[in-house]
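Working notes, structure below.
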Amino acid sequence: MTAIGVDGAPGGWVHVTLESGTAVAVGFATRLADLPRADIVGIDIPLGFPVPGQHRPAEVEARRLLGRRASSVFAVPPRAVLEATDYADARRMAVDLTGRSISAQAFALAPKILEAADAERAGVPLIEVHPEAAFAALAGEPIGRKKTWDGQERRRSLLAAEGVAVTGGLGVAGPAASDDVLDAAVCALVAERFGENRATPLATPTHPEDRPIWVWYPD
């Protein structure tokens, strides 16, 4: 089985490829359409959209799993907000549909969210993974911040315990930071477990436009 994990980075997407559980390549693509072929792709970007005025059930469960790290879970707005022509329109639409505005940082993610959601609906074998939730499931608890040395070393050891050794000799990550590569790696691990029917959805979607967030709990 070939599984790929993908994380957003400046100018595109960093990806890690697993072949039969072994990390074999790190790469960078400007578009999801340029990713290598894979049986399943785990991506760190929302694929589902909420009922206006509500939170996605998977986001609620991801926050519960992360406890004190719950703020790392992005609350995706309805698709119409992300399709707004500019930030001012997005803010007005968000207030109309949800009762609250949208941050500039969240609106800046709109192109990547829409690219991924459209690719999934067009048949690209994408599943949504939240790396912080995925690492928490692996560790049995929320772990330290990914920008710190200790946080990155913990992530590396959690991946290595599952046979996924991410090293500098695997390829070029372009503008992606080291924590982005580790996030892509855990997305690939969850994608592989999904392909083996071993991954767990954090919640069941409540309407057709939503999607689950997947994690894997070690046996």
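The values are calculated or read from the model by the stated rules, or taken from the named source; none is laboratory data. Here the structure is a predicted model, which is why all the values come from computation and not from measurement. Ideal geometry is used to build each Cβ from the backbone, glycine not excepted, and the neighbour counts take in all protein chains shown. Protein only, heavy atoms only, side chains kept; ligands, DNA and RNA dropped before computing areas. Shrake-Rupley method; radii C 1.70, N 1.55, O 1.52, S 1.80 Å.
Considering (1) open to solvent by less than 60 Å² (accessible area, probe 1.4 Å); (2) modelled with pLDDT of 95 or more, the lone condition that Phe194 does not fulfil carries the number (1). Selection of the range 11-24 for residues being loosely packed, with under 15 Cβ neighbours inside 10 Å and assigned to a strand (DSSP E or B) yields Glu19, Thr22, Val24. For the range 111-144, which residues satisfy the criterion of being open to solvent by less than 30 Å² (accessible area, probe 1.4 Å) and charged (D, E, K, R)? Within the range 111-144, Glu128, Glu132 meet the criteria.
Can Leu66 be described as within 21 Å of Gly174 (Cα to Cα) and either buried (at least 19 other Cβ atoms within 10 Å of the Cβ) or among the polar types (S, T, N, Q) (or both)? Full working, then the answer.
Details: within 21 Å of Gly174 (Cα to Cα): no; either buried (at least 19 other Cβ atoms within 10 Å of the Cβ) or among the polar types (S, T, N, Q) (or both): yes.
Here the answer is no, as Leu66 does not meet what is asked.
Each residue in the range 80-96 was checked for being of a type outside the set (Gly, Ala, Ser), surrounded by 17 or more Cβ atoms within 10 Å (Cβ to Cβ) and either within 25 Å of Val129 (Cα to Cα) or touching a residue at least 24 places away in the same chain (Cβ under 8 Å) (or both), and 2 pass.
Take the residues of the range 25-60 that are at negative phi and among the small types (Gly, Ala, Ser): which is most open to solvent (accessible area, probe 1.4 Å)? Break it down into steps so the answer makes sense when it comes.
Of the range 25-60, the ones at negative phi are 25-52, 54-60.
Still in the list and also among the small types (Gly, Ala, Ser): 25, 27, 29, 33, 38, 42, 48, 58.
On the way: Ala25: 33, Gly27: 10, Ala29: 5, Ala33: 82, Ala38: 31, Gly42: 0, Gly48: 0, Ala58: 3 Å².
My answer is Ala33.
Residue-wise test of (1) closer than 11 Å to Leu202 by Cβ; (2) in contact with a Lys or Arg (Cβ under 9 Å, 6 or more places away or on another chain).
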position: Arg37; (1), (2): no, no
position: Asp44; (1), (2): no, no
position: Arg56; (1), (2): yes, yes
position: Ser71; (1), (2): no, yes
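Of all residues in the range 176-211, those satisfying the criterion of being part of a loop (DSSP other than H, G, I, E, B) and either closer than 15 Å to Ser20 by Cα or more than 16 Å from the chain's Cα centre (by Cα) (or both) are Glu196, Asn197, Arg198, Thr204, Pro205, Thr206, His207, Pro208, Glu209.
Looking at the structure I just gave you, is Ala134 of a type outside the set (Val, Ile, Thr), within 19 Å of Thr206 (Cα to Cα) and either in contact (Cβ under 8 Å) with a residue 12 or more places away in the chain or not in a helix (DSSP H, G or I) (or both)? Break it down into steps so the answer makes sense when it comes.
Working: of a type outside the set (Val, Ile, Thr): yes; within 19 Å of Thr206 (Cα to Cα): no; either in contact (Cβ under 8 Å) with a residue 12 or more places away in the chain or not in a helix (DSSP H, G or I) (or both): yes.
When the stated conditions are applied, Ala134 does not pass them.
Taken together, Pro131, Pro125 contain a single residue that is at pLDDT 95 or above, in contact with a helix residue (DSSP H, G or I) (Cβ under 9 Å, 6 or more places away or on another chain) and more than 15 Å from Val186 (Cα to Cα), which is Pro125. The condition (being open to solvent by 20 Å² or more (accessible area, probe 1.4 Å), among the small types (Gly, Ala, Ser), more than 30 Å from Val51 (Cβ to Cβ) and at pLDDT 90 or above) is satisfied by just one residue among Ala188, Ala108, Ala160: Ala160.
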